[in-house]
1. Let me know the shape class of region A:5-255, please: from the alpha-carbon gyration tensor, a ≥ b ≥ c as square roots of the eigenvalues, rounded when a/c is under 1.5, otherwise prolate if a/b is greater than b/c, or oblate.
2. Quantify how strongly other chains surround peptide B:77-83 by giving the mean number of their Cβ atoms within 10 Å of each of its Cβ atoms.
3. Hand me the trypsin sites (Lys or Arg not before Pro) from region B:56-100 located in a DSSP loop with no more than 14 other Cβ atoms within 10 Å, in residue order please.
4. Give me Rg over Rh for the protein assembly as shown, both radii from the alpha carbons and Rh done the Kirkwood way, two decimal places.
5. Identify the trypsin sites (Lys or Arg not before Pro) of region A:178-253 meeting these criteria: DSSP loop state and at most 15 other C-beta atoms within 10 Å of the C-beta.
6. Given the C-alpha centroids of region A:47-87 and region A:22-43, what is the distance between them in whole angstrom?
7. Which of rounded, prolate, oblate describes region B:151-213, given a ≥ b ≥ c as roots of the alpha-carbon gyration tensor eigenvalues and a/c under 1.5 marking rounded, otherwise prolate only if a/b is larger than b/c?
8. What residue among A:Ala204, A:Ala137, A:Ala15 shows peak mean-square fluctuation when chain A is described by a Gaussian network model with Cα springs under 10 Å?
Amino acid sequence: MKQTRISKTFSKLKASAKKAFIPYIMAGDPDIERTRQYISMLENCGADIIELGVPFSDPLADGPTIQMAAGRAVAGGVTLRKVISFVSEVRATTQIPLILMTYYNPVFKYGEEKFVRDAVDAGVDGVIIPDLPPDEASLLIKESRASGLDTIFLVAPTSNDKRIKKVALASSGFVYYVSMTGITGTKLTLEDSFIEHINKVKQASKNPVAVGFGVSTPDDAKTIAEMADGVIVGSAIVKKLHENPEEAEEFIKKLREAIV
Amino acid sequence: MGKTRVIAETGAGQHGVATATGAALTGLACEIYMGSVDVKRQALNVFRMKLLGAKVNEVSLGSKTLKDAINEALRDWTTNVRHTHYVMGTVFGPHPFPMIVRDFQSVIGAEAKKQIIKTEGRMPDCLIACVGGGSNAMGLFNEFIESDVKMVGVEAGGKGIQSGEHAARFAGGSIGVLQGTKSYLLQDKDGNVLGTHSVSAGLDYASVGPEHAFFKESGRVRYTYATDYEALAAFDLLSKTEGIIPALESAHAVAEAIKMAPEMDKEKIIVVNLSGRGDKDVQHVAAIKGINL
């Protein structure tokens, strides 16, 4: 199978013993034009892959920061359809791997086959759907494999060996390891078994393992980078961009520097 | 299960009170999630829950009603799953919740069947129940599914389907996936969930239990709706003529009985599920009527 932009990025990083920095922003918060500027800022700050949140009315896996960001973007009329066409415009100026993080209902309503086709045509590299377990994703996986879209599924600290295997097998590009039981934007608290558990995931997966949820400071990012192939930072960046946008670039650079 | 804490969501407050009662009895810590709109209109039940020692968390997100309370309860559960059990309040959510709740609620149908056979010596001709998430209806219907008894589920018509302010998922929705369940859903063309309206907190919900969707598609159950106005009229009528003050949710089922009965033979038997009592709604109804208690 042809290497996707996501797996190429990880291979390149691995060759130079580096870890991936994967920032998340909410598409359309506060508007699409700003999202375009943020993408180029993130790239300039050294992001390896960017996760673009697709706004949804009921973001179950998210804490207040991303819920409110989604609320603002939904109110601004940003939809899955618009995010896909936005990606196709952005592709004229950047080749950075882009992942859509969306809830399932917008994809279901869009039509899974059409979604995969349009996303790939637009230049989307991967998709994360936190409320779609692999057990229910056979159509999406089949379509995505055929079109070169990476499907990234989530492993939780409560996942048992059988579950880890299933998620690893369903995932391509990388596996998303959720740092702790909980929702996004919660303070990072790693259980004693964290290392043992993430190592299990690494063993089960032929793909890299990136960790997200609760990574909010450069120190958090540094800790996680020591154990994972990639570090995902969402709420902390979304919050900074919303509350103190003038400090965002500095903050993101610090995150980048912490991930080695 | 080794869990020390239970959580639940509630719309009308009945399920919250039930969960808080069980928790008080067994010494479990208990937290209830309830939309801030519902906290206001079901103040009596909020007070009951607090009396029973539960912590009531007001949810001021989204439409501030049942859907948002479920979202918050699911977020809590995701976080505290190692020591917390989520006592889901309706036949909804990820598998196996719809089955668990249906099986527990099925005592309603078993009891109704026993009673009607004892009183009338035969099976009823028709069952009517209101459908929010649909647990009371599923509880009644489950026992009769294999029989030829007709069944009617009544959704909240709110201010009418045309107005867009309702919770009639079958009449005004389409298939979608919310909170781990594929069913009928009130949503826009991009898959965002729409706001709902009903005079009754317990029916004010954007989706409906998946087994109801199945019965709708198979034709086993007929689904219809009653508007706020019809439900309030039924609330008044049942109170005056039978001396029973029904919950506003159940009043939707009574409203359908009022529509159906005149068309039926006098010998026919309708069982209406009075799934909740109306004490909790008295203040709310008075306010709607402009009466200051």
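1. Rounded, because the longest to shortest axis ratio a/c is under 1.5.
2. Average per residue, whole number: 4.
3. B:Arg82
4. 1.02
5. Loop-located and lightly packed - A:Lys187, A:Lys206.
6. Region A:47-87 and region A:22-43 have Cα centres separated by 10 Å.
7. Verdict is oblate for region B:151-213.
8. Residue with maximal mean-square fluctuation among A:Ala204, A:Ala137, A:Ala15: A:Ala15.
Throughout, read-outs are computed from the coordinates displayed, never taken from laboratory work. If you're wondering where the values come from, they're calculated on a predicted model, not measured in any experiment. Please note: Cβ atoms are built from the backbone with ideal geometry, for glycine as well, and neighbour counts cover all protein chains shown.
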